[in-house]
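Q: Structure provided below as structure tokens; questions to follow.
The numbers here are math on the coordinates, done by the rules we state, and not lab data. Just so it is clear, the structure is predicted and the values come from calculations on it, not from any experiment. Cβ placement follows ideal geometry from the backbone for every residue including glycine, while neighbour counts extend to all protein chains displayed.
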Amino acid sequence: MTEELDLLGQDSDGGSEEVVLTPAELIDRLEQAWMNEKFAPELLENKSEIVECVMEQLDHMEGNLRRAKKGDLKVSIHQMEMERIRFVLSSYLRCRLMKIEKFFPHILEKERTRPEGEPSSLSPEEFAFAQGYMMNTETYLKNAALKHMPPNLQKVDLLRAVPKPDLDSYVFLRVKERQENILVEPETDEQRDYIVDLDEGSQHLIRYRAIAPLVASGAVQLI
Amino acid sequence: MLCEKAMELVRELHRAAEGQLPAFNEDGLRQVLEEMKALYEQNQSDVNEAKSGGRSDLIPTIKFRHCSLLRNQRCTVAYLYDRLLRIRALRWEYGSVLPNALRFHMSAEEMDWFNHYKKSLATYMRSLGGDEGLDITQDMKPPKSLYIEVRCLKDYGEFEVDDGTSVLLKKNSQHFLPRWKCEQLIRQGILEHVLS
């Protein structure tokens, strides 16, 4: 996204942090959030500020393109850029929606028991969607079969029936900020836990559970 | 053998390929529910016998029937839930309007679930920033180029492109159209991407 055409002169607001991002930085952040979400086994914290800013950016670009001279080569290039950004954004949101649908009882339970002050992993719209999905599925199961079953079997505990995200799955990561003393727990009884230091710029293959908080804080990037 | 019918339901889905939705096995489900009713009633009478008549030798049988009931419930719910997942995939593959052939394979309750799901998804997409929201069922693949060559497989009629001009989509006609406009029609089988 170059500035030469002066189609993008707007700075985006970074949301709650009150940081002003250039469009290039915003798209960078979007791509990082997208990759993290794709490779993490559980639903990560929602980045609705980034989503909103990117949508604003796309609207802005579209407005500019409509006013620009037709047939200009730069118009096509910017249109391509817009399509690429739209793809990344859609893919990011699709990934989140799929995880919400896959783990809906656990996500809703986590939200219900969330302590005051801790940020939600769901945006308000995602929360409404998750609730709707849960109600829809429960009502369906009741009407299709459960209500015809014997009285003591008319309930299904979805928290036990639906599998939880596998936090022990392995992920690739690149270290952005040096970390010390990361505890790696043993997989088998013969091994013992050991401590690793993560150097900046290094890449590792490690169990997600060990580094989950580092993904949330932005210290590592999943690849 | 007990729970045989329930196992058959599960096997039926296990055999169906990914994304395929076989017809709703209403008969099979009904038979499982009948078996469950019979088992429950037998257990009811045995429990009464055991309590009043002191027949504690009936308890293992009661436990066995209870296990069968639980297994039947589990298989049934697995069958229904797996079908829901397949139906959900249909919304993402075909869009809001399903082809008739698939609709006949769904029960009335499944249709209800599908309609609710569509609405919920539409509400969510509309809320995504801006006035119209963002249709995330589009842009499923990374864009390679702005325009693509497509061939029309069926008669579709007039199709309007961005700058106002409209194109007549007749069978076997070929066009050079913006990629994102064609995506949905390609998925519905009306257009075919020509890779030459």
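Q: For the Cα atoms of chain A, what angle does the longest principal axis make with the long axis of helix A:73-102, in degrees from 0 to 90, nearest 10?
A: Roughly 10 degrees between the two axes.
Q: Using the beta-carbon distance between A:Glu56 and B:His14 and R0 = 35 Å, what value does 1/(1 + (r/R0)^6) give for FRET efficiency, to the nearest 0.05? Spell out each step's value before the answer.
A: On the way: r = 47 Å, r/R0 = 1.34.
Computed FRET efficiency for A:Glu56 and B:His14: 0.15.
Q: Could you tell me whether the range B:101-196 comes out rounded, prolate or oblate from its Cα gyration tensor? Rule is a ≥ b ≥ c as square roots of the eigenvalues, rounded for a/c under 1.5, then prolate if a/b exceeds b/c, otherwise oblate. Write down the numbers at each step before the final one.
A: Values: a/c = 2.23, a/b = 1.42, b/c = 1.57.
Judged from the Cα gyration tensor, the range B:101-196 comes out oblate (a/c at least 1.5, b/c at or above a/b).
Q: Now for a separate question. Dividing the convex hull volume of the Cα atoms of the range B:10-83 by its residue count, what figure in Å³ per residue is obtained? Don't skip to the answer; put the middle values down first.
A: Details: hull volume 5.2 nm³, N = 74.
Convex hull of Cα atoms, per residue: 70 Å³.
Q: Are there GluC sites (Glu not before Pro) in the range A:82-123 that DSSP puts in a loop and that have at most 11 other Cβ atoms within 10 Å, and which ones? List each step's numbers first, then the result.
A: Working: sites: A:Glu83, A:Glu101, A:Glu109, A:Glu111, A:Glu116; in loops: A:Glu116.
For GluC sites (Glu not before Pro) across the range A:82-123 that sit outside H, G, I, E and B with at most 11 neighbouring Cβ atoms in 10 Å, the list reads A:Glu116.
Q: Please give the helix A:124-144 orientation as an angle from the longest Cα principal axis of chain A, in degrees from 0 to 90, rounded to the nearest 10.
A: Result, in degrees: 40.
Q: With only Lys, Arg, Asp and Glu charged, each at its Cβ (+1 for the first two, -1 for the last two), find how big the charge dipole of the protein assembly as shown is about the Cα centre; round to the nearest 20 debye.
A: That gives the protein assembly as shown a dipole magnitude of about 1960 debye.
Q: Right, something else. Grab every C-alpha pair in chain A, bin the distances at 10 angstrom width from 0 up to the longest one, and report whole percents.
A: Binned Cα distances yield the sequence 7, 24, 27, 22, 13, 5, 1, 0.
Q: Give me the one-decimal Kirkwood hydrodynamic radius in Å for chain B, with the sum taken over alpha-carbon pairs.
A: Numbers: mean 1/r = 0.0474 Å⁻¹.
By the Kirkwood definition, the hydrodynamic radius is 21.1 Å.
Q: Can you tell me the dipole magnitude for the range A:67-223 around its Cα centre, using point charges on the Cβ only (Lys, Arg +1; Asp, Glu -1), in Debye to the nearest 20?
A: Numbers: 24 positive and 24 negative charges, 231 e Å.
Computed about the Cα centre, the dipole is about 1120 debye.
Q: Would you work out if the protein assembly as shown is rounded, prolate or oblate? Take a ≥ b ≥ c from the square roots of the eigenvalues of the alpha-carbon gyration tensor; rounded if a/c is under 1.5, else prolate when a/b is larger than b/c, oblate otherwise.
A: Values: a/c = 2.61, a/b = 1.44, b/c = 1.81.
Verdict is oblate for the protein assembly as shown.
Q: Work out, step by step, the length gained on full extension between A:Arg160 and A:Leu183: first 0.36 nm times the residue separation, then minus their alpha carbon distance; give nm to one decimal. Spell out each step's value before the answer.
A: Details: separation 23, 0.36 × 23 = 8.28 nm, distance 2.93 nm.
The span from A:Arg160 to A:Leu183 would gain 5.3 nm if fully extended.
Q: Give me the angle, in degrees from 0 to 90, between the Cα long axis of helix B:179-188 and the longest principal axis of the Cα atoms of chain B, rounded to the nearest 10.
A: Rounded to the nearest ten degrees, it is 40.
Q: Grab the beta carbon distance between B:Lys144 and A:Asn152, set R0 = 51 Å, and tell me the FRET efficiency rounded to 0.05.
A: Details: r = 57 Å, r/R0 = 1.12.
Efficiency computed from Cβ-Cβ geometry: 0.35.
Q: Something else now. Under the classification rounded if a/c is under 1.5, otherwise prolate if a/b is larger than b/c and oblate if not, where does the range A:147-215 fall, given a ≥ b ≥ c as square roots of the Cα gyration tensor eigenvalues? Walk me through the numbers before you get to the answer.
A: Working: a/c = 4.62, a/b = 2.67, b/c = 1.73.
Judged from the Cα gyration tensor, the range A:147-215 comes out prolate (a/c at least 1.5, a/b above b/c).
Q: Label points 7 Å out from Cα along the Cβ direction at A:Thr139 and A:Arg207: separation in nm?
A: For the pair A:Thr139/A:Arg207, the computed spacing is 4.2 nm.
Q: Between the alpha-carbon centers of the range A:67-96 and the range A:153-188, tell me the distance in whole angstrom.
A: Comparing the Cα centres of the range A:67-96 and the range A:153-188, I get a distance of 35 Å.
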